[in-house]
Amino acid sequence: MDIWQAPVGQHTDLGPLAGPPPGLHLAARVLDMVASAVPAGTLLEQVVWHGPDATPGTGRLRATLRARAGAVGTLRLDLVDGDRTTWLADLRCRLRPAQVGPADGMLSAALAPGDETRREFTVEAGMTTDHVAGRDPVLATPALVAMLEDTAADLLRPLFTPGAASVGTWIGVRHTGAAVLGERVTVHATVAAARGRRVTFDVRASAGDRPVGDGQVAQTLIWA
C-alpha cells in the first residue's frame, strides 16, 4: 500500500492475520505485515496498541489511512472477520529518503535468525525500587527493560556502517522474578527475525538459575 499517494480514508487489505508463534506478541506479527506492505523508506515510527496479545480468532488485517501531512502519515489497523471489526492499533509512519544496499547500507554484514549474544549486569542502587514495605530493594522493571534492549543492540553495534545507529521501537517483556541489590543478572538476546531495517530479538534474563524476565524487543536501524 502506498500511503504517500493513497487518498485519506482508503482501506487496504493486507491479508490474513494468522496467530503469532509461541512467545511472539501479536503486535510484532502485525508490524511485520505492515513493514512488508509500505513503500521503501517508510519508517514505522510509533505504534499505540489497542488489541489483544494473540489473534482473537480468524480474520484479515486492514489498514486505513487516517491522516497525512507532509512526510508523516497515520494508519488505523483493524482485524476484520466478517461483520466483526477489532481495533488493533494506531500507527504513525514517516517517509525517509530511500538508501541503497543491503539493510539500506546500514550494516556491514547481514544478521540471521539464531545469531545471539549474552551480557552480565550487576544490580546497582540506581536500578532498584523499594516500593514494597519491609522488603529489600529489587531490580525495577524499567532497568530490566534497559538491560534487555541494550544487550540486543550489542548484536548490531559492531556491524554499523558510518552514520548508522539503531533505536528501540518495540518492547514486549514480562518481569517474572526479582533480582536484589548487588546480584548478577545474565541477559541473553537472540535474533528472531531480520527484515529490512527492523530486527526483532528474543530476550531473557536470569539471576543464577532464577528467571527474572523474558519476551521480545525490536530495534530499527536509522541514519544518525
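Leaving out ligands and nucleic acids, note down the accessible area per residue over the range 94-224 with a 1.4 angstrom probe, in whole Å².
Accessible area per residue: 51 Å².
What are the residues whose amide H is under 5 Å from the amide H of Thr169, where those residues sit 5 or more places off or on another chain and H is modelled from the backbone?
Hits under the 5 Å cutoff: Ala218, Gln219, Thr220.
Does the range 111-169 classify as rounded, prolate or oblate by the C-alpha gyration tensor (a ≥ b ≥ c root eigenvalues; a/c under 1.5 gives rounded; else a/b over b/c gives prolate, otherwise oblate)?
Details: a/c = 3.34, a/b = 2.61, b/c = 1.28.
It is prolate, given that a/c is not under 1.5 and a/b is the larger ratio.
Determine the shape class of the range 108-219: with a ≥ b ≥ c the square roots of the Cα gyration tensor eigenvalues, call it rounded for a/c under 1.5, and otherwise prolate if a/b is greater than b/c, oblate otherwise.
In terms of gyration-tensor shape, prolate.
Given the whole protein assembly as supplied and a 1.4 Å probe, what does the accessible area of Glu183 come to in Å², nearest 10?
Approximately 40 Å² of Glu183 is accessible to the 1.4 Å probe.
Each label point is 7 Å from the Cα along the Cα-to-Cβ direction; what then is the distance between the points at Arg174 and Ala18, in nm?
Taking the simple label geometry, Arg174 and Ala18 are separated by 2.3 nm.
Suppose accessible area is computed on protein heavy atoms with a 1.4 Å probe; arrange Ser108, Ser166 from highest to lowest.
Sorted by accessible area, descending: Ser108, Ser166.
Ordering Asp2, Asp130, Asp214 from largest to smallest accessible area (1.4 angstrom probe), what's the sequence?
Solvent-accessible surface, decreasing: Asp130, Asp2, Asp214.
May I ask for the equivalent-ellipsoid semi-axes of the chain, computed as the square root of five times each C-alpha gyration tensor eigenvalue and listed largest first in whole Å?
With the √(5λ) rule applied to the chain, the semi-axes are 33, 22, 15 Å.
Using label points projected 7 Å from each Cα along Cα→Cβ, tell me how many nm separate Leu159 and Val8, to one decimal.
Using points 7 Å along Cα→Cβ, the separation is 3.9 nm.
Could you work out how far apart the two model spin labels at Arg92 and Arg210 are, taking each label as a point 7 Å from the Cα in the direction of the beta carbon, and quote it in nm?
Those two pseudo-labels are separated by 3.9 nm.
Considering only protein heavy atoms and a probe of 1.4 Å, how much of the accessible area of the chain is carbon and sulfur, as a whole percent?
That fraction is 53 percent.
So, R0 is 35 Å and r is the distance between the beta-carbons of Asp136 and Val72; what FRET efficiency does that work out to, to 0.05?
0.15
If you average the sequence gap of Cα pairs under 8 Å that are 6 or more apart and divide by the length of the range 25-168, what percent do you get for the contact order? Mind showing how you got there, number by number?
On the way: 176 pairs, mean separation 26.9, N = 144.
Computed value for the range 25-168: 19 percent relative contact order.
The values are calculated or read from the model by the stated rules, or taken from the named source; none is laboratory data. Predicted model only: the values in this text are computed from it and were never measured. Neighbour counts are summed over all protein chains in view; Cβ atoms, including those assigned to glycine, are modelled from backbone coordinates with ideal geometry. In case anyone asks, the SASA skips ligands and DNA or RNA and just uses the protein heavy atoms, side chains included. Shrake-Rupley method; radii C 1.70, N 1.55, O 1.52, S 1.80 Å.
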